[in-house]
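Asker: Take this structure first; my questions come after.
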Amino acid sequence: MSAQEVADAFVRHYYNTFDSNVEALVPLFTEKSMMTFEGNQFGGQPAIMQKLREIGLVQHNVKSIDIQPSTTEQAIVVFVTGTLKIQADNPLHFCEMFQLVQSAPNQWTVFNDVFRLNYGL
């Protein structure tokens, strides 16, 4: 798969899973994964998953996906923009950046995840 195909498949899987069964995201994170969520940092799978669980019922609508190669052929950077609804409230704009690292053939995990809501748009 090309980097673009990996990114497209990852984004589709990540947000569909987040919206329907957040617990199924566990395998995407490792003990080395890092997340910055609205300026707050979380390290390792347990802390990241706890934060994702706290958000509650979410519905994402992805608007754009940009990718770049990273430091090796086994890593790519993915930048996502879109809107989300939390608990069916009004949509909010968001952006999220992932660095994906290949852990085995055709298997990728999240090494870095940076999330921000975009206000004033």
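Asker: Pairs of Cα atoms under 8 Å, at least six residues apart: use those to get the relative contact order of the chain, whole percent.
Answerer: So the answer I get is 24 percent.
Asker: Suppose all protein chains stay in the model; what accessible area per residue would a 1.4 Å probe give for segment 72-121, in Å²?
Answerer: On the way: 2820 Å² over 50 residues.
Solvent-accessible surface per residue comes out at 56 Å².
Asker: Counting only protein chains, not ligands or nucleic acids, how are Val6, Val114 ordered by accessible area (probe 1.4 Å), most first?
Answerer: So the residues, ranked largest to smallest area, are Val114, Val6.
Asker: Which net charge results for the neighbourhood of Ser2, defined as the other residues with beta-carbon distances under 14 angstrom from its beta-carbon, given Lys and Arg at +1 and Asp and Glu at -1?
Answerer: Its environment carries a net charge of -3.
Asker: Another question, if that's okay. Please go through segment 61-121 and write out the chymotrypsin sites (Phe, Trp or Tyr not before Pro) that DSSP classes as loop and that have at most 16 other C-beta atoms within 10 Å.
Answerer: Here the chymotrypsin sites (Phe, Trp or Tyr not before Pro) that fit, given the DSSP loop and packing criteria, are Tyr119.
Asker: Continuing with the same structure: Quick check on segment 1-44: take the gyration tensor over C-alpha atoms, sort the square-rooted eigenvalues as a ≥ b ≥ c, and tell me if it's rounded (a/c under 1.5), prolate or oblate.
Answerer: Verdict is prolate for segment 1-44.
Asker: Continuing with this model, one more query. Keeping all protein chains in position, work out how much accessible area Met1 exposes to a 1.4 Å probe, and write it in Å² to the nearest 10.
Answerer: 150
Asker: Okay, next question. Could you order Ser64, Ser20 by accessible surface area, starting with the largest, using a probe radius of 1.4 Å? Could the numbers behind the result be given before it?
Answerer: Working: Ser64 40, Ser20 95 Å².
Final ranking, largest accessible area leading: Ser20, Ser64.
Asker: With a 1.4 Å probe and all protein chains in place, put Ser70, Ser103 in order of accessible area, largest first. Display every interim value, and only then the final one.
Answerer: Details: Ser70 35, Ser103 75 Å².
Ranked list, largest accessible area first: Ser103, Ser70.
Asker: Same structure again: Normalised by the empirical 2.2 N^0.38 Å for globular proteins, what value does the Cα Rg of segment 20-67 take?
Answerer: Output field value: 1.23.
Asker: Now for a different question. Any idea of Asp89's accessible area? Nearest 10 Å², probe 1.4 Å.
Answerer: My reading of the accessible area for Asp89 is about 100 Å².
Asker: So, one more: On average over all directions, what projected area in square nanometres does the chain have, based on the convex hull of its Cα atoms?
Answerer: 7.3
Asker: Also, quick follow-up: With both partners inside the chain, how many of the DSSP beta bridges are antiparallel, as a percent to the nearest 5?
Answerer: So the antiparallel bridges amount to about 90 percent of the total.
Asker: Given the DSSP H assignment, sum -39500 (n - 2.57) over each helix run of at least 4 residues in the chain and divide by its residue total; what's the result at 222 nm in deg cm²/dmol, nearest 500?
Answerer: Numbers: 2 runs with 29 residues, N = 121.
Computed ellipticity for the chain at 222 nm equals -8000 deg cm²/dmol.
Asker: Here is a follow-up. How much of the accessible area of the chain, probe 1.4 Å, is carbon plus sulfur, in whole percent?
Answerer: That fraction is 52 percent.
Asker: Loop-only GluC sites (Glu not before Pro) in segment 25-121, please: DSSP not H, G, I, E or B, and at most 12 other Cβ atoms within 10 Å.
Answerer: Taking segment 25-121 and a limit of 12 other Cβ atoms within 10 Å, the loop GluC sites (Glu not before Pro) found are Glu38, Glu73.
Asker: Viscosity 1.306 mPa s, temperature 10 °C: Stokes-Einstein D of segment 52-121 from its Kirkwood Cα radius, in µm² per second?
Answerer: On the way: Rh = 13.4 Å.
For the chosen part, D equals 119 µm²/s.
The values are calculated or read from the model by the stated rules, or taken from the named source; none is laboratory data. Remember, it's a predicted structure, so these values are computed and weren't measured experimentally. All Cβ positions, even for glycine, are placed from backbone atoms using ideal geometry, and neighbour counts span all protein chains on display. Ligands, DNA and RNA are stripped out before the accessible areas are found, and what is left, the full protein with its side chains, is counted by its heavy atoms. Shrake-Rupley method; radii C 1.70, N 1.55, O 1.52, S 1.80 Å.
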